[in-house]
Amino acid sequence: MFLKEKNGLGNAASTEGDPKRACDFYSLAIKSDPSCADPQCFDAYLGRQAAYQELGRFADAKRDLETIIEKTGQFSMAIPSLLSEDEIHRLVCHVEAQIHLAGLYAGPLHNLQQAWKEYTKAIDATKELLPLFGELQLLTIGQLYYMRAEVSEGEGKYQQAREDWTMGIEKIKGVEKWNTDIENGILHRIRASHLLKKFRQAQEDCALLQEHNSFSSFVAKLGYIFSEVDPERALRYWGEAYEDLKENNSADKEALLHCVVQIWILNQSVRAWQNN
């Protein structure tokens, strides 16, 4: 009862935007059950690590996440129906902690190599939940492949990134025929294909993308995806979007203005790149 009460107070403090007070309540909850006999103790660790991150105490957040992973361990999913509610809760906390740890390395800790390893562990751990949660976990696995792909792109490993974008798209397609997540994965895969000079594959993805977008929307989305890696190409795409909107007498003044703003921003980027 004490553990549940302090967790509740920690959650309330966190919701109210007071991470320091939330930390204090979560710490009391953890202190009341040092052996983590009650799986709710892992909820306290998860809550405290989130509060630590808000406070910029990333080393403390990392320690809490590693504690959860160590204490929850691994479960055999050969007969998932035999797992108790407590065991399922422990497994879910293990996976959640692994995902947060990967994100911590990818973000505040700025260690992309370790982030890639942690996302790999997160993918493997999340797959173990498939017998319990089915399609919901397919979506999560797809997103994790996307996150690992972003890490690979950050290291300039575009072939590895392209493979993960593909894996992520396939997982999400196992649940949805088409949605924004699938579209975003395809957009990123187009960029990776271009950077790898796999132009035929990029064209195939472009054709697929055009089936679900107007021409102006399609090229504008390409402009977004190329803006950081190839501003000249992005500038051409935004120019095509603007011309298409004008030729079709678009009443969407906001879209026209957005094109103008993006063209101006990219012109500055191209000039800066040329001057360097």
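The values are calculated or read from the model by the stated rules, or taken from the named source; none is laboratory data. Remember, it's a predicted structure, so these values are computed and weren't measured experimentally. Cβ coordinates were reconstructed from backbone atoms using ideal geometry, including for glycine residues, and neighbour counts include every protein chain displayed. Only protein heavy atoms, including side chains, enter the accessible area calculation; ligands, DNA and RNA are left aside. Shrake-Rupley method; radii C 1.70, N 1.55, O 1.52, S 1.80 Å.
About its Cα centre, segment 118-276 has a charge dipole of approximately 340 debye under the convention of +1 per Lys or Arg Cβ and -1 per Asp or Glu Cβ, with nothing else charged.
When +1 charges are put on Lys and Arg Cβ atoms and -1 charges on Asp and Glu Cβ atoms, the dipole computed for the chain relative to its Cα centre reaches about 640 debye.
Taking a straight Cα-Cα cut-off under 18 Å and skipping sequence neighbours fewer than 8 places away in the same chain, the lysines within cross-link reach of residue 173 are 127. Cα centroids of segment 97-144 and segment 157-209: 19 Å apart.
Once the chain is represented by equal point scatterers at the alpha-carbon sites, with solvent omitted, what log10 I(q)/I(0) does the Debye formula produce at q = 0.08, 0.17 Å⁻¹? Normalising to I(0) and taking log10 leaves -0.46, -1.24.
Left without a cysteine partner by the 4.7 Å Cβ rule in the chain: 23, 93, 206, 259. Normalised per residue, the accessible area of the chain is 53 Å², obtained with a 1.4 Å probe and no contribution from ligands, DNA or RNA. Over segment 1-146, with every protein chain in place, what whole percent of the accessible area is carbon and sulfur at 1.4 Å, could you tell me? The nonpolar share, carbon plus sulfur, comes to 54 percent.
With the charge dipole of the chain set up from +1 on Lys and Arg Cβ and -1 on Asp and Glu Cβ about the Cα centre, the Cα lying farthest toward the positive end among the listed residues 152, 186, 56 is that of 152. Only the Cβ atoms of Lys and Arg (+1) and of Asp and Glu (-1) were treated as charged; on that basis the dipole of segment 47-176 about its Cα centre amounts to roughly 240 debye. Rounded to the nearest Hz, the phi-derived 3J(HN,Hα) couplings of segment 15-29 under the Karplus curve 6.51 cos²θ - 1.76 cosθ + 1.60 (θ = phi - 60°) are 4, 7, x, 10, x, 5, 5, 4, 4, 4, 5, 5, 5, 5, 4, where x marks glycine and proline.
Report, in degrees rounded to the nearest 10, the 0 to 90 angle that the Cα long axis of helix 135-154 makes with the longest principal axis of the chain. That works out to roughly 60 degrees. Can you compute the helix-only [θ] at 222 nm over the chain? Use -39500 (n - 2.57) per DSSP H run of at least 4 residues, normalise by all residues, nearest 500 deg cm²/dmol. Result for the chain: -25500 deg cm²/dmol, rounded to the nearest 500.
In sequence order, segment 242-255 has phi-based couplings of 5, 5, 5, 4, 5, 5, 8, 6, 4, 8, 7, 5, 5, 5 Hz under the Karplus curve 6.51 cos²θ - 1.76 cosθ + 1.60, θ = phi - 60°, and Gly or Pro positions carry x. Of all lysines in the structure, those lying under 24 Å Cα to Cα from residue 197, and not within fewer than 8 positions of it along the same chain, are 157, 221. Computed from phi, the 3J(HN,Hα) profile of segment 231-239 under the Karplus parametrisation 6.51, -1.76, 1.60 (θ = phi - 60°) reads x, 5, 5, 4, 4, 5, 5, 5, x Hz, with x in place of Gly and Pro. The shape of segment 184-275 comes out oblate: with a ≥ b ≥ c from the C-alpha gyration tensor, a/c is at least 1.5 while a/b does not beat b/c. Highest average first, the peptides 33-43, 219-229 ordered by how many other beta carbon atoms sit within 10 Å of their residues are 219-229, 33-43.
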